[in-house]
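Student: Dumping the structure here so I can ask a few things about it.
The values are calculated or read from the model by the stated rules, or taken from the named source; none is laboratory data. Just so we're clear, the structure is a prediction, and the values are computed from it rather than from any experiment. For neighbour counting, all protein chains shown are included, and Cβ atoms are generated from backbone atoms with ideal geometry for every residue, glycine included. Calculation scope for accessible area: heavy atoms of the full protein, side chains included, ligands and nucleic acids excluded. Shrake-Rupley method; radii C 1.70, N 1.55, O 1.52, S 1.80 Å.
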Amino acid sequence: MNDAGILKAPVWSGVGTSRAHESAALHVLGQATYTDDIPEVQGTLHAALGLSSKAHAHIVAIDLAPVRASAGVVAVYTVDDIPGTNDCGPIIHDDPIFAPGLVQYVGQPIFIVVADTHDNARRAARLARVTYDELPAILTPQAARAAQSYVLPPMRLARGDSEAAFARAPHKVQGELYVGGQEQFYLEGQIAYAIPKEDQGMLVLTSTQHPSEMQHVVAHALGLHSHHVVVECRRMGGGFGGKESQSALWCAAAAIAAARLKRPVKLRADRDDDMLVTGKRHCFHYEYEVGYDDTGAIVAARVDMVTRAGYSADLSGPVATRAVCHFDNTYYLSDVEIRAACGKTNTQSNTAFRGFGGPQGAIAIEYVLDEIARNLGRDALDIRRINYYGTVDRNVTPYGQVVVDNVIGALTDELEATSDYRARRQQIDLFNATSPVLKKGLAFTPVKFGIAFNVTHLNQAGALVHVYVDGSILVNHGGTEMGQGINTKVMQVVAHELGVDMVHVRATATDTSKVANTSATAASTGADLNGKAAQDAARQIRDRLAAYAVKLYGGEPEAVRFAFDTVYVNGHAVPFPELVQKAYLARTQLWSDGYYATPGLSWDPKTMSGRPFSYFAYGAAVAEVVVDTLTGEWKLLRADALYDAGRSLNPAIDIGQVEGAFIQGMGWLTTEELWWNDGGKLMTHAPSTYKIPGVSDCPEDFRVRLFDNGNVEDSIHRSKAVGEPPLLLPFSVFFAIRDAISAVGDHQINPPLNAPATSEEILKAVTEVLAR
Ligand code: MTE
Ligand code: HPA
Ligand code: MOS
């Protein structure tokens, strides 16, 4: 950008305003560069992975001759060709890059084939002749539990004396629930482009939420040090958790081939391969038992969850921990026992997905509250409210964190009023009384979501801010852009600190050679952590500029103001670029690093207690559906959502996040069904068989608003995270569907409804209600 460009558009707009996403124009013009769009280096080759066709088997023999003989093939590499360690696991090192003689799921990579073109590589990959000696396979979490087959030791969190509390409880509900997994379905698939550099160096351009981990994995796989490897990611076409750890396989495989051949190698996953190879949201099976009194207040609760971790641990431990820490959702549970186990199954290794176990923990208690309400013949909102956390007492979570920022009561009041909940409940009852086939349903569900990585040391971030002599500003931070708007928010923060309009700030690709030892952009903490780090960097530059301005114009450094692209000092108004230029000539450092570590966090994994979260984000939603009880088809008629983004950094982006998360969560709970055949092959591995929501599934009447509420924690400008928590808002859709089904039995029977509530599942539930 030239000087003229910098001085145009002098509209003041810093933090808290609805600025467009930094790449909005590029996105809509098709000019945003994703990894596959980066112009290829001369000599680039293309790779594909050869995959296991068995769920669990020893590889007896493998004949790669037909692969090597295939058109355009340059090389084929297996486990024997890895220069370093055959591992790409993020925590527990149980994730081979290439199967070491044992395959543990259908889709597990066995080799990589490198060819002149992408198509030739894919064609060749299918030609391997592998002889397997099959072993018994475990495919479901329930089967894993029966076999005591776990990737990690089971976990337990307990408070109080649930035994005694159950004995006292006047009423009880108990039952089982299954909630399926979910494919991340990022629009841009997994991709890594490895380019060898001099003296063993390796540059990896990739689509990842975690450049630093990719750097470590590539270094280990190549037997090198971290300083040999540079990983860069300008943006992702969505990650949704699927690129937190599982971009590693693609980076490692491409880098191994590139290092062996000393030529650039690009490995881009076709959609079917992407879905066959990579892990998804963890499905959960629950067995629950809850005691309650005549008012509907829960007095005792017990839940035993088992999840399908897949063949390796990946992030299943932290996911299960977050599930355990979100079973309470917005409810105070005095006497409670929560168990969770990560079932080892012969399926893809399940991984992070927006919410990271939180949604899976919270939906179980919501299912129970829904049943208690029906058993008592009360409106479910009233039962939920009775059980809400208090503000001065009944405010300690089962893991010992005090809920100091509880706003769920006020938020509920507001949404109950603006959604016209009570009147619509009456209208729906009237409608259902005269409509035998079409039944309407309504549900109000609340959300409380803990913000911070539940692994304490990950809560840190770094940034670099450069102010160039022309007054333009470049920011680089450890977070990654996946469409969520982190760059826009960080740019706003930097612009605000230096008192310039955001048009003067540009964000660069995330690059491990610029900011070191970064955490994944995950746990919704991206803007919180990197925003603070960038603020720290920008403040240091501002302080130096202020000190210099005072030297020049007099006055006190504390009284210098940076605003409207101008520096106000001792009665002078100096254009920002002018002061910058003068400061440079006077030899002032105009760039700075910045760092942030979230204070006050603690976690003891053994006792499952501490203060794992910096604060809680709250929200609630009301959904109204109509269900055709003869076909199981349904439609979301209206959705109202209210979300606590604190003092929002950018309301437009935050509302977009809430809308996106709502629809994505609705897909998880309704139409997105993962289905493995008896041989353990995922059969739903393309959009033709796996139904994500389309634009016509969005409600015509969709009212999303932000709840006006500053964060009590000293977060970046008192904002709150927004990336994941709204994924829990469409619980309201699931329970509205259940409410509509329940109308078939005049709300006397709890419909047994698992997720996803596909049309088949809905019809099954209707049939069961009619049969009772
Ligand atoms: N929004 C878009 N458009 N694309 C994504 O991939 N990922 C979600 C959420 N919103 C995602 C998204 C997930 S899983 C997380 S953890 C957060 O964004 C991460 O970004 P943040 O921490 O900067 O909010
Ligand atoms: N979210 C996402 N990734 C993580 C987390 C989390 O809470 N903890 C460890 N890795
Ligand atoms: Mo998000 S699941 O923490 O990447």
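Student: In nm, to one decimal, how far is the SER696 label point from the MET683 one, both placed 7 Å along Cα→Cβ?
Tutor: Label-label distance for SER696 and MET683, simple model: 2.5 nm.
Student: Taking 0.36 nm per intervening residue step and subtracting the Cα-Cα distance, what contour gain separates GLU760 from ALA417 on full extension?
Tutor: Separation in residues times 0.36 nm, less the Cα-Cα distance, equals 120.0 nm.
Student: Run the numbers on the stretch 133-259 and let me know its relative contact order in percent, using alpha-carbon pairs under 8 Å that are six or more apart.
Tutor: 26
Student: A follow-up question, please. Of the cross-linked pairs LYS280/LYS344; LYS172/LYS280; LYS440/LYS691; LYS172/LYS440; LYS243/LYS489; LYS448/LYS532, which ones have a Cα-Cα span greater than 25 Å in the structure shown?
Tutor: Over 25 Å Cα-Cα: LYS172/LYS280; LYS172/LYS440.
Student: Hey, another quick one. Grab the other residues whose beta carbon is less than 14 angstrom from that of ILE59, score K and R as +1, D and E as -1, and report the net.
Tutor: After counting each charged neighbour, the total is -2.
Student: Within the stretch 152-238, what percent of beta bridges assigned by DSSP are antiparallel, to the nearest 5?
Tutor: Antiparallel bridges make up about 55 percent of those DSSP assigns within the stretch 152-238.
Student: So, R0 is 51 Å and r is the distance between the beta-carbons of SER18 and ARG378; what FRET efficiency does that work out to, to 0.05?
Tutor: 0.80
Student: Please give the net charge around ASP304, taking every other residue with its beta carbon less than 11 angstrom from that of ASP304, where Lys and Arg add +1 and Asp and Glu add -1.
Tutor: Charge balance in the 11 Å sphere: 0.
Student: Then there is this: Just grab the label-to-label distance for ASP429 and THR131, each label 7 Å out from Cα along the Cβ direction, in nm (one decimal).
Tutor: Reported label-point gap for ASP429 and THR131 is 7.2 nm.
Student: If you take the charge dipole of the chain about its Cα centre, with +1 on Lys and Arg Cβ and -1 on Asp and Glu Cβ, which of ILE372, THR512, LEU552 is farthest toward its positive end?
Tutor: With unit charges placed on the Cβ atoms, the residue in question is LEU552.
Student: Could you check the spin-label model distance between SER226 and LEU630? Points 7 Å from the Cα along Cα→Cβ, value in nm.
Tutor: That separation, rounded to one decimal, is 6.5 nm.
Student: Further question on the same structure: So if each residue of separation counts as 0.36 nm, and I subtract the Cα-Cα distance between HIS93 and LEU585, what length gain in nm does that give?
Tutor: Full extension from HIS93 to LEU585 adds 171.9 nm.
Student: With N set to the residue count of the stretch 159-208, report its C-alpha Rg divided by 2.2 N^0.38 Å to two decimal places.
Tutor: Its radius of gyration relative to the 2.2 N^0.38 Å reference: 2.71.
Student: Could you give me the percent of Cα pairs per 10 Å distance bin for the stretch 112-197, shortest bin first, beginning at zero and ending with the bin that holds the maximum distance?
Tutor: Answer for the stretch 112-197: a P(r) of 9, 18, 24, 23, 12, 8, 6, 0 percent.
Student: From Cα pairs below 8 angstrom and at least 6 apart in sequence, can you work out the relative contact order of the chain, rounded to a whole percent? It would help to have the intermediate numbers written out before the result.
Tutor: Numbers: 1942 pairs, mean separation 118.6, N = 772.
Relative CO of the chain lands at 15 percent.
Student: Send over a whole-number figure in Å² for the accessible area per residue of the chain, probe 1.4 Å.
Tutor: Result: 36 Å² of accessible area for each residue.
Student: Let me ask something else about it. Output the relative contact order of the stretch 563-643, whole-number percent, from Cα pairs under 8 angstrom with separation of 6+ residues.
Tutor: With pairs under 8 Å counted, the relative contact order is 15 percent.
Student: Another question about this same structure. How much length, in nm to one decimal, is gained on full extension between HIS747 and ASP161, taken as 0.36 nm per residue of separation minus their Cα-Cα distance?
Tutor: Going from the current span to full extension adds 207.7 nm.
Student: Okay, moving on. How big is the stretch 322-400 on each of its three principal axes, counting only the C-alpha atoms and giving the largest first in Å?
Tutor: So the three principal-axis extents are 43, 30, 23 Å.
Student: Could you give the alpha-carbon Rg of the stretch 67-108 over 2.2 N^0.38 Å, rounded to two decimals?
Tutor: 1.40
Student: Where Lys and Arg each count +1 and Asp and Glu each count -1, what net charge lies around ALA617 among other residues with Cβ under 10 Å from its Cβ?
Tutor: After counting each charged neighbour, the total is -1.
Student: Using just the helices of the chain, give the 222 nm mean residue ellipticity in deg cm²/dmol: DSSP H runs with n ≥ 4 each add -39,500 (n - 2.57), and the total is spread over all residues, rounded to 500.
Tutor: -9000 deg cm²/dmol
Student: Ignoring ligands, DNA and RNA, what percent of the 1.4 Å accessible area of the chain is carbon and sulfur?
Tutor: 53
Student: Ok, one more. Pull up the cross-link candidates among the lysines for LYS582, meaning alpha carbon to alpha carbon under 16 Å and not fewer than 8 places away within one chain.
Tutor: Cross-link targets: LYS551.
Student: Taking R0 as 60 Å, what's the FRET efficiency between ASP81 and GLN174 from their Cβ-Cβ distance, rounded to 0.05?
Tutor: Using R0 = 60 Å, I get an efficiency of 0.65.
Student: Could you list the residues of the stretch 108-130 with an amide nitrogen less than 12 Å from a label point located 7 Å from the Cα of ASP270 in the Cα-to-C-beta direction?
Tutor: Answer for this model: 118-127.
Student: How are the alpha carbon pair distances in the chain distributed across 10 Å bins from zero to the largest one, expressed in percent?
Tutor: Spelled out bin by bin, the chain gives 3, 14, 23, 24, 19, 12, 5, 1, 0 percent.
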